[in-house]
Amino acid sequence: GLFIMYKATHDLLQNWNTTRKFVALKVVIVVSTLQDKLLSWLISSTGLLTTNCLLSTEHPEDMHRLLTFWSCYFTLLETVPLSLLIIKAFPAMEVTDHPLKNLDLVELELRQIHERRSA
């Protein structure tokens, strides 16, 4: 649904860097989704990222604490580049006050498109 809306409004909203916004949001979603799966695979199959202080010798099969620790650690590391990506995709200057409000600009462009098609 989001991709259909993106394609339908791309030409109208091109001046507002919709592609950059779309990619930024998708990167955040994909990274957060794949991170836990990748970490779970790394810990269980390769033994990487295992430390003695987070694993109990009585319950070595209990990897939940270890997975939670590394997930939080990598989320912390990812916040800086992802924040920069979001800042670039959503600059504050796009919502500063103009003589016309952003909604007025969209309505004006929609009216112009409609007039061109009907003429």
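Structure notes:
- For the residues Trp41, Trp70, a 1.4 Å probe over the protein chains yields an accessible-area ranking, largest first, of Trp41, Trp70.
- Efficiency of FRET between Gln112 and Thr79 - r from beta-carbon atoms, R0 41 angstrom, step 0.05: 0.50
The values are calculated or read from the model by the stated rules, or taken from the named source; none is laboratory data. Just so it is clear, the structure is predicted and the values come from calculations on it, not from any experiment. Glycine also receives a Cβ, built like all others from the backbone with ideal geometry; neighbour counts cover every protein chain displayed. Heavy atoms of the whole protein, side chains included, go into the accessibility calculation; ligands, DNA and RNA do not. Shrake-Rupley method; radii C 1.70, N 1.55, O 1.52, S 1.80 Å.
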